[in-house]
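Chemist: Sharing a structure with you now.
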Amino acid sequence: MTSKPTIAIYSGDIPGTTFIERLVLGMAHSGQRVYRFGFLKAPVAYPKTVKVVGYRNTKIGKGLHLLYYTLLLILFRYKDKRQLDKVLKETATHLTLAKVKAYPVLWHRPDVFHVQWAKDLNNWMWVQRFGMKLVLSLRGAHINYSPIADAELAAMYRAHFPKVDGFHAVSKAIALEAEGYGAPKARIAVVYSGLNLKDLEVEKPDTASVFEIVSVGRSHWIKGYPYALDACKQLKHAGIPFKYTIVGAAHDIELLYQIKDLGLEDEVVLLGQISFDSVQLLIRKASVLLLPSLKEGIANVVLEAMALGTLVLSTDCGGMGEVINDGVNGFLVPIRSPKAIADKLIEIRELSAKAKKDIINKAYNTVAEQHQLEQMVKGMQALYGEVLNTNGKGHYG
């Protein structure tokens, strides 16, 4: 291939998650030509190497978008349109919406179509019929527990994973999960999430007067917050002054009930969604970032805390052991163990300033060595290159 290939990074909405936007910008700044297909939920300002093919998520917006690409395909690629229409009629639940999403992709036809969410895979297997390589990201809920609870989703994975040209796994643990659904090991590349360390301030404010614990993440059973609250009860029983803030869990009735039941109204604060800058400020001020999850890939918030100079305590779930070496650059405890969390928090609180500084420095070095944005971009480019260099037009049988 003489010119640089085009890569579509598809997440459904524009902009996407922090990881996805970092990937888009990282690829663009490396000179890669990138497509962003989907609906525009907020204004975006990408470098000129990124082409946005988006629509407003309204009837008029989707209608005009569909009309434009329908006319282009009828006039210039009618045979391709007929072939795609046949596929969509057989597979799509909502045919018109499927066309709104699919027609622009068929018209622009990127060399690689990179789907960010495994649950969407069934909607995009068709791209291989038209010579596009199909790459799938493996992360979080879509692999860890959704297919366990949804037999149809698990069956879809088993049917399609063997046909995908390449997989991006955010951790080795996630890669192993995907192999269980038929993802060929040779096609999986483990590419860790990357941070732009230049954008993160590492200077911490003065030490807080109380022991400040922060967790960040949506209110969901997989995040393990009930175990963290039980650990907080043990801290209070031990007479330790502390404040525990959970960002993203405001108005969760079960957590509010547990907080009241345990008598933790003065110690625990539940916040809703706040800005990224505000989250960073909370993490920098905290004594420790707590991740009490039952399952994770590799939590971005942990990497950010390590880069920001805040001690991290995580459960030993999913891929967290690939980042944290207990007692060296952070702390690990078993899942579902309030006592282990409480005991480790007490241990962290009693560390000397020198010991804390040493762990913080080693945590920062871990991020610098294996979680920088440039490393993530190079890893993804290597994956794209690998799938483009394979013979044939994909594994679609």
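The values are calculated or read from the model by the stated rules, or taken from the named source; none is laboratory data. These figures come from a predicted structure and were not determined experimentally. Here the Cβ positions follow ideal geometry from the backbone for every residue, glycine too, while neighbour counts run over all protein chains shown.
Chemist: For segment 266-315, which residues satisfy the criterion of being closer than 15 Å to Thr245 by Cα and among the charged types (D, E, K, R)?
Modeler: Scanning segment 266-315 gives Asp266, Glu267, Arg284, Lys285.
Chemist: Mind checking whether some residue in segment 340-347 is touching a strand residue (DSSP E or B) at 6+ places or on another chain (Cβ under 7 Å), of a type in the set (Asp, Glu) and modelled with pLDDT of 95 or more?
Modeler: If we filter segment 340-347 for residues that are touching a strand residue (DSSP E or B) at 6+ places or on another chain (Cβ under 7 Å), which is where we start, we get 340-341, 344-345.
Cutting the leftovers down to of a type in the set (Asp, Glu) gives us none.
Within segment 340-347 (the criterion being touching a strand residue (DSSP E or B) at 6+ places or on another chain (Cβ under 7 Å), of a type in the set (Asp, Glu) and modelled with pLDDT of 95 or more), the answer is no, since none of the residues qualifies.
Chemist: Regarding Met156, is this residue in contact with a strand residue (DSSP E or B) (Cβ under 9 Å, 6 or more places away or on another chain) and modelled with pLDDT of 95 or more?
Modeler: Working: in contact with a strand residue (DSSP E or B) (Cβ under 9 Å, 6 or more places away or on another chain): no; modelled with pLDDT of 95 or more: yes.
It is false that Met156 is in contact with a strand residue (DSSP E or B) (Cβ under 9 Å, 6 or more places away or on another chain) and modelled with pLDDT of 95 or more.
Chemist: How many residues does segment 262-317 contain that are part of a loop (DSSP other than H, G, I, E, B), hydrophobic (A, V, I, L, M, F, W, C) and more than 20 Å from the chain's Cα centre (by Cα)?
Modeler: Step one: filter segment 262-317 for residues part of a loop (DSSP other than H, G, I, E, B), giving 262-267, 272-275, 286-287, 292-299, 309-310, 316-317.
Now narrow it down to the ones that are hydrophobic (A, V, I, L, M, F, W, C): 262, 264, 274, 286, 294, 298-299, 317.
After this cut, where a residue has to be more than 20 Å from the chain's Cα centre (by Cα) as well, the list is 262, 264, 286.
Counting residues in segment 262-317 that are part of a loop (DSSP other than H, G, I, E, B), hydrophobic (A, V, I, L, M, F, W, C) and more than 20 Å from the chain's Cα centre (by Cα) gives 3.
Chemist: Assuming Asp316 fulfils every condition listed in (1) closer than 20 Å to Ala173 by Cα; (2) among the acidic types (Asp, Glu); (3) touching a Phe, Trp or Tyr at 6+ places or on another chain (Cβ under 9 Å) apart from one, which condition is it?
Modeler: Among (1) closer than 20 Å to Ala173 by Cα; (2) among the acidic types (Asp, Glu); (3) touching a Phe, Trp or Tyr at 6+ places or on another chain (Cβ under 9 Å), the lone unmet condition for Asp316 is (3).
Chemist: Take the residues in segment 105-122 that are part of a helix (DSSP H, G or I) and under 20 Å from the mean Cα position of the chain (by Cα), then tell me which one is surrounded by the most Cβ atoms within 10 Å (Cβ to Cβ). Talk me through it step by step, then tell me what you get.
Modeler: Taking segment 105-122 first, the residues part of a helix (DSSP H, G or I) are 105-108, 118-122.
Okay, now just the ones that are also under 20 Å from the mean Cα position of the chain (by Cα), so 118-122.
Working: Ala118: 27, Lys119: 16, Asp120: 15, Leu121: 20, Asn122: 17.
If we take residues in segment 105-122 being part of a helix (DSSP H, G or I) and under 20 Å from the mean Cα position of the chain (by Cα), then Ala118 is surrounded by the most Cβ atoms within 10 Å (Cβ to Cβ).
Chemist: Exactly one of (1) outside any helix (DSSP H, G or I); (2) under 23 Å from Trp117 (Cα atoms); (3) at pLDDT below 95 is unmet by Met27. Its number?
Modeler: Answer for Met27: the failing condition is (1).
Chemist: Go through the residues of segment 17-32 one by one and say whether even a single one is more than 17 Å from Met376 (Cα to Cα) and either surrounded by fewer than 19 Cβ atoms within 10 Å (Cβ to Cβ) or touching a strand residue (DSSP E or B) at 6+ places or on another chain (Cβ under 9 Å) (or both).
Modeler: We begin by selecting, within segment 17-32, every residue more than 17 Å from Met376 (Cα to Cα); these are none.
For segment 17-32, residues more than 17 Å from Met376 (Cα to Cα) and either surrounded by fewer than 19 Cβ atoms within 10 Å (Cβ to Cβ) or touching a strand residue (DSSP E or B) at 6+ places or on another chain (Cβ under 9 Å) (or both): absent.
Chemist: Of all the residues that make up segment 275-298, how many are closer than 13 Å to Ile341 by Cα and among the hydroxyl-bearing types (Ser, Thr, Tyr)?
Modeler: Total satisfying the criteria: 1.
Chemist: For segment 1-24, which positions are in a helix (DSSP H, G or I) and charged (D, E, K, R)?
Modeler: Glu21, Arg22
Chemist: Do we have Arg129 as surrounded by fewer than 18 Cβ atoms within 10 Å (Cβ to Cβ) and assigned to a loop (DSSP other than H, G, I, E, B) here? Before the answer, list the steps.
Modeler: On the way: surrounded by fewer than 18 Cβ atoms within 10 Å (Cβ to Cβ): yes; assigned to a loop (DSSP other than H, G, I, E, B): no.
Judged against the criteria, Arg129 is not a match.
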